[in-house]
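Chemist: Could you have a look at this structure, given as structure tokens, before my questions?
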Amino acid sequence: MRIFPKVVAIAATVAAGAGLVSQSVGAPQQAQATGLQQRLDTLLGDSRFQGSQVALVVRDATTGETLYDRAGGTRLLPASNTKLFSSTAAMHTLGPDFRFHTDVLATAPVRGGKLDGDLYLKGYGDPTALEADYVALAKQVAKSGIRRIDGDLVADDTYFDKARLGDTWSWDDEPFYYSAQISALTLAPNTDYDSGTAIVESRPGTAAGAPVKLSLVPANDTIKLVSTATTGAAGSANTLSIERDHGTNVVRITGSVPLGAAVGQEWVTVWEPELYAADVFKRALAAQGVRVDGRIKAAATPVDKARQLARDESMTVGELMNPFLKLSNNMHAEHLVKAMGAVAEADGSWSAGLGLVTQYAKSAGVDTSTIRLSDGSGLSRKVNVTAKSVTDLLIGAQREPWFQQWYDALPIAGNPDRFTGGTLRSRMANTPAANNLHGKTGSLTGVTALSGYVTDQDGRKLVFSMISNNYLTSPRSVEDAVGVTLASWTEQGQVAAIAPGNARTAQTADACGDWDQAKGVAC
């Protein structure tokens, strides 16, 4: 192991009986810890880790040399750090130039502008499909000369299996946008590409006591709004609640919105997203002068007999990495996992896709016998990885031809631009880590993680992974202090110690998921 010259003598006295931390694994017990090890030991001696678990591994990104190892081989719940595994595997297995697509097909003949049978809308897993994409498909159908569909509009999402929600995903997360159903045919209401969701917009009425005005984005007949919400007096509390009933598309709106309040937005998940996508497509057809006489139904397309009438293609997987990783989009992770299974194994299931994720991790240098992957996003409470395995993956990914595009898609500390800083945009600002540290955040109740790359003051690139579990008060500021400490470190002279309370310019509350502040939840 490389031994740093002693820079600053730091007392790292932690009572052994308290069980907070022990000497770093990487430091020989007979030798004095290096200055960096002392700094990190002091940070990990924070009282918030008492009775909980924390692992931290720091390595030279070029040589792989371990500079610090605290519990690096301990299996812990990583939350959205799981996306490091699914994203790298997708770049390898699907490739950065891969595009999802959505097709419109028919088996019946067209006579005099009338299709004498069903029209099929078949999805191939695109998590970025917007209303505008379905409008573009409708325009292609109209351009083909079809003006009437004599049969049904068939929604086909059979490219993926029927498992809509991941292993051990919590039932009480199911109505919320970060836990949407996974379907090969779906729709996102916005350019964050929150697939499988719709937005409920709310506006106060014209007078106190009037009903709250509601609308859906995109407009659709799949979701049924049931509201008792009223307009409150100006300056009164906003108590609006919007939540979908389990197993249905009934969304109930209760509470009050103060007179004069701005437009509110709430994302809700959709039950059976393929029917939602078909509904929006049917509206788009009507707007193009194409009438569907039948109903919307879910079924498989007889692909051996079908001819393609229209196709829409997504952005590339390489381009998708930016919204996926910057905003930590859970649905993107799961669509990529199932797509890997469908493309490489003709099996659009979690089990097939996760097998490929594991294969890639092993090829990158991870000892996959020490970890367990249960989904692609980290919502599952059965995912277990080690800090060592994460750093192995980060080091291995550097050898890939697509590495730079993937690295650029990671959130960047302290950069306020939402699609640059991502989930790190309000963290470590105005420190040596700002616009330096590229990392993946992770958060569930009792879980926080931060792993990635940072360059120290000597120009040496480091990889690191810090995972904390089962705490009662969030140690996220300690994560930031670790990041700033690594970015500040030099072997050439004294470096001021970084205190957790000073490592960031904006504090965020402990989160129940690695979600985006722009939607009113902590990240």
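Chemist: For the range 85-105, name all the residues that are surrounded by 24 or more Cβ atoms within 10 Å (Cβ to Cβ) and more than 19 Å from the chain's Cα centre (by Cα).
Modeler: T102, V104
Chemist: Right, here's the next one. Inside the range 180-199, can you point out the residues that are surrounded by 23 or more Cβ atoms within 10 Å (Cβ to Cβ) and not in a loop (DSSP other than H, G, I, E, B)?
Modeler: The answer is T197, A198.
Chemist: Take the residues of the range 126-151 that are charged (D, E, K, R) and not in a loop (DSSP other than H, G, I, E, B): which is farthest from P302 (Cα to Cα)?
Modeler: E131
Chemist: Would you mind stating whether S451 is in contact (Cβ under 8 Å) with a residue 24 or more places away in the chain, part of a helix (DSSP H, G or I) and of a type in the set (S, T, N, Q)? Can you show your working first?
Modeler: Working: in contact (Cβ under 8 Å) with a residue 24 or more places away in the chain: yes; part of a helix (DSSP H, G or I): no; of a type in the set (S, T, N, Q): yes.
No: the conditions fail for S451.
Chemist: I've got another one for you. Just to be sure before I move on: is I253 under 18 Å from G123 (Cα atoms) and surrounded by 17 or more Cβ atoms within 10 Å (Cβ to Cβ) in the structure I sent?
Modeler: Spelling it out, it is not the case that I253 is under 18 Å from G123 (Cα atoms) and surrounded by 17 or more Cβ atoms within 10 Å (Cβ to Cβ).
Chemist: Sticking with this structure for a sec: For the range 324-338, state whether one or more residues are outside the structural domain of T186 (by TED's automatic domain parsing) and surrounded by fewer than 16 Cβ atoms within 10 Å (Cβ to Cβ). Spell out how you get there, then give the answer.
Modeler: So the first thing to find is which residues in the range 324-338 are outside the structural domain of T186 (by TED's automatic domain parsing), and the list is 324-338.
Next cut, surrounded by fewer than 16 Cβ atoms within 10 Å (Cβ to Cβ) only: none.
No, the range 324-338 contains no residue that is outside the structural domain of T186 (by TED's automatic domain parsing) and surrounded by fewer than 16 Cβ atoms within 10 Å (Cβ to Cβ).
Chemist: Which one of the conditions (1) small (G, A, S); (2) surrounded by fewer than 22 Cβ atoms within 10 Å (Cβ to Cβ); (3) touching a Leu at 6+ places or on another chain (Cβ under 7 Å); (4) outside the structural domain of A496 (by TED's automatic domain parsing) does G45 fail to meet, given that it meets all the rest?
Modeler: (4)
Chemist: Would you confirm whether any residue within the range 152-166 is more than 24 Å from the chain's Cα centre (by Cα), in contact (Cβ under 8 Å) with a residue 60 or more places away in the chain and not in a strand (DSSP E or B)?
Modeler: Checking the range 152-166: at least one residue is more than 24 Å from the chain's Cα centre (by Cα), in contact (Cβ under 8 Å) with a residue 60 or more places away in the chain and not in a strand (DSSP E or B).
Chemist: Could you check the range 314-338 and list, in sequence order, the residues that are out of contact with any Ser or Thr (no Cβ under 8 Å at 6 or more places or on another chain) and acidic (D, E)?
Modeler: Within the range 314-338, E319 is the sole residue that qualifies.
Chemist: Return the residue satisfying two criteria in turn: it lies in the range 256-277 and is β-branched (V, I, T) and under 23 Å from the mean Cα position of the chain (by Cα), and of such residues it is surrounded by the fewest Cβ atoms within 10 Å (Cβ to Cβ).
Modeler: Only one residue fits best here, namely V268.
Chemist: Say whether the condition of being crowded, with 23+ Cβ neighbours inside 10 Å and more than 15 Å from A90 (Cα to Cα) is met by at least one residue in the range 343-354.
Modeler: No, the conditions are met nowhere in the range 343-354.
Chemist: G72 is checked against (1) small (G, A, S); (2) outside the structural domain of F160 (by TED's automatic domain parsing); (3) in a helix (DSSP H, G or I) and fails just one. What number does that condition carry?
Modeler: Tallying (1) small (G, A, S); (2) outside the structural domain of F160 (by TED's automatic domain parsing); (3) in a helix (DSSP H, G or I), G72 fails exactly one: (3).
Chemist: Continuing with the same structure: Quick check on my filter: what residues within the range 93-116 are at negative phi and either without any contact (Cβ under 8 Å) to a residue 12 or more places away in the chain or in a loop (DSSP other than H, G, I, E, B) (or both)?
Modeler: Those that are at negative phi and either without any contact (Cβ under 8 Å) to a residue 12 or more places away in the chain or in a loop (DSSP other than H, G, I, E, B) (or both): L94, P96, D97, F98, T107, A108, P109, R111, D116.
Chemist: Now for a different question. Exactly one of (1) under 17 Å from the mean Cα position of the chain (by Cα); (2) outside any loop (DSSP other than H, G, I, E, B) is unmet by S380. Its number?
Modeler: (2)
The values are calculated or read from the model by the stated rules, or taken from the named source; none is laboratory data. Please read all numbers here as calculations on a predicted model, not as lab measurements. When we count neighbours, we look across all protein chains shown, and the Cβ atoms used for this are built from the backbone with ideal geometry, even at glycine.
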